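Here is the structure we will look at, set down as structure tokens.
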Amino acid sequence: MHAKVGIIGAGAVGSACLLSLIALGCAREIVVIDRTQKRALGVVTDAQYGAVLSAPVTLHAGDYADLSGAALVMITAGMNEKSGGATDRNDPAGRLKLLKTNAEIYQDIVPQVRSAAPEALILVVTDPPDPLADVVRMLGHSNVLSTGTFLDSLRFRFQLARRLNVNAAYVDAQVVGEHGTSEVFLWSSARVGGRLALDLLSANGQAREQVRGEVERDVRFANITVIEGIGASQYGIGMATARIVEIILRDERAVIPIGSYHAAYGVTLSMPSVLGRDGVSEVLEPDMTDEERQGLEHSAKTLQQAVAGITLPNT
């Protein structure tokens, strides 16, 4: 299948997404667009030589018109957490502080994507991705997903695996709700080999509540730890986004936590979902404890309030 993908934004995240896509070999044509054409050209020129070692792929530094025929367009453009002042662990707003600025940037981007590739699935990577996916919908493009809590869930699995001394690929643990400070960790269903992760932690002599607090803190603020070290959280989200794109292009019908619009809540948030070529075809709402359910409702309200504060003068 000739799979064409667009990447809007050639900054740290966009470049990481490009490299990860090339490595996976699931796209046959990738168009990179940036407000600074020279930057897009530089990134593509650099990457294309190493891409000779991967599956055949054609790379372009282009303009919006070059998105014609794209199956999927990911948007990574916008102000990041460091430049937007969203790196305070004690600030409950977290990534939502970036919403107003990035919503304005999306007002310029989304109509041009719609004009060039009206059938494309838009994947929002820019922070905060969930309300920005709703901005895309408000701007008239309903075929949209956010990267949501997929990366958060990978971080959750990694932290549990490290404490249990097992391979993270065999940890089943999910984060739902907002990709942000109100996200919800589904401890009640986190398992390894059919055993509850919390029971395994206790059996290993680890204090449940202490480990739970440490894991949640490490996952919830992983982005800030990365930013404090290298200035931008890019490699993990690049790899996670490329995997989402691979699932979609190959119509895998994989079940992962990903952000899609939920009519019951009136916003985009993450739940375990069946993902394939047409986006999310089914949401598999997991069993939750009362505490987890309340957490999800709080997360939804947080996102509802954020979306309610968005004003789009062009609509």
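The values are calculated or read from the model by the stated rules, or taken from the named source; none is laboratory data. Fair warning: this is a prediction, and the values are worked out from it, not measured in the lab. Note: ideal-geometry Cβ built from the backbone for every residue, glycine included; neighbour counts use all protein chains shown.
For every residue, the table says whether it meets (1) of a type outside the set (A, V, I, L, M); (2) surrounded by fewer than 17 Cβ atoms within 10 Å (Cβ to Cβ); (3) not in a helix (DSSP H, G or I).
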position: G14; (1), (2), (3): yes, no, no
position: C17; (1), (2), (3): yes, no, no
position: I22; (1), (2), (3): no, no, no
position: A27; (1), (2), (3): no, no, yes
position: R35; (1), (2), (3): yes, yes, yes
position: T45; (1), (2), (3): yes, yes, no
position: L59; (1), (2), (3): no, no, yes
position: A65; (1), (2), (3): no, yes, no
*Filter the range 284-315 down to the residues that are among the aliphatic types (A, V, I, L, M) and assigned to a helix (DSSP H, G or I), then identify the one that is surrounded by the most Cβ atoms within 10 Å (Cβ to Cβ).*
L303
*Is it true that I247 is surrounded by 18 or more Cβ atoms within 10 Å (Cβ to Cβ) and at pLDDT 95 or above?*
yes
_Lone qualifier among A197, A173 - being closer than 30 Å to L72 by Cα and either aromatic (F, W, Y) or surrounded by 21 or more Cβ atoms within 10 Å (Cβ to Cβ) (or both)_ = A173
*What about D152, is it of a type in the set (D, E) and free of Cβ contacts under 8 Å to residues at least 60 places away in the same chain?*
no
*Residue tally, condition within 17 Å of L121 (Cα to Cα) and surrounded by 15 or more Cβ atoms within 10 Å (Cβ to Cβ), over the range 1-12*: 7
*Looking at (1) touching a strand residue (DSSP E or B) at 6+ places or on another chain (Cβ under 6 Å); (2) part of a loop (DSSP other than H, G, I, E, B), which is the one condition that is false for S270?*
(2)
*Any residue at all in the range 235-242 that is without any contact (Cβ under 8 Å) to a residue 40 or more places away in the chain and buried (at least 19 other Cβ atoms within 10 Å of the Cβ)?*
no
*Of the residues R277, R250, which single one is farther than 19 Å from F156 by Cα and touching a Cys at 6+ places or on another chain (Cβ under 7 Å)?*
R250
*Using the structure shown, decide if D290 is modelled with pLDDT under 95, over 14 Å from L132 (Cα atoms) and of a type in the set (D, E, K, R).*
no
*asked:* Going through G309, G236, G276, G231 one at a time, which residue ends up being modelled with pLDDT under 95, touching a helix residue (DSSP H, G or I) at 6+ places or on another chain (Cβ under 7 Å) and not aliphatic (A, V, I, L, M)?
replied: G236
*State yes or no: is L275 part of a helix (DSSP H, G or I) and either assigned by TED's automatic domain parsing to the domain that holds A173 or buried (at least 19 other Cβ atoms within 10 Å of the Cβ) (or both)?*
no
*asked:* Can you confirm whether T225 is within 30 Å of A23 (Cβ to Cβ) and surrounded by fewer than 18 Cβ atoms within 10 Å (Cβ to Cβ)?
replied: yes
_Inter-residue pairs, beta-carbon under 9 Å, first hydroxyl-bearing (S, T, Y) and in the range 196-209, second part of a helix (DSSP H, G or I) and surrounded by 11 or more Cβ atoms within 10 Å (Cβ to Cβ), 6+ apart_ = S202/R208
*asked:* Cβ-Cβ distance below 9 Å, separation of 6 or more or different chains: which pairs start in the range 173-190 with a residue that is without any contact (Cβ under 8 Å) to a residue 24 or more places away in the chain and end on one that is of a type in the set (D, E, K, R) and buried (at least 24 other Cβ atoms within 10 Å of the Cβ)?
replied: none
*asked:* Out of the helices (runs of 4 or more DSSP H) lying entirely within the range 125-203, which hold 2 or more residues that are at pLDDT 95 or above?
replied: 129-138, 150-164
*Residue that is nearest to the chain's Cα centre (by Cα), among those in the range 211-268 that are closer than 21 Å to A173 by Cα and basic (K, R)*: R243
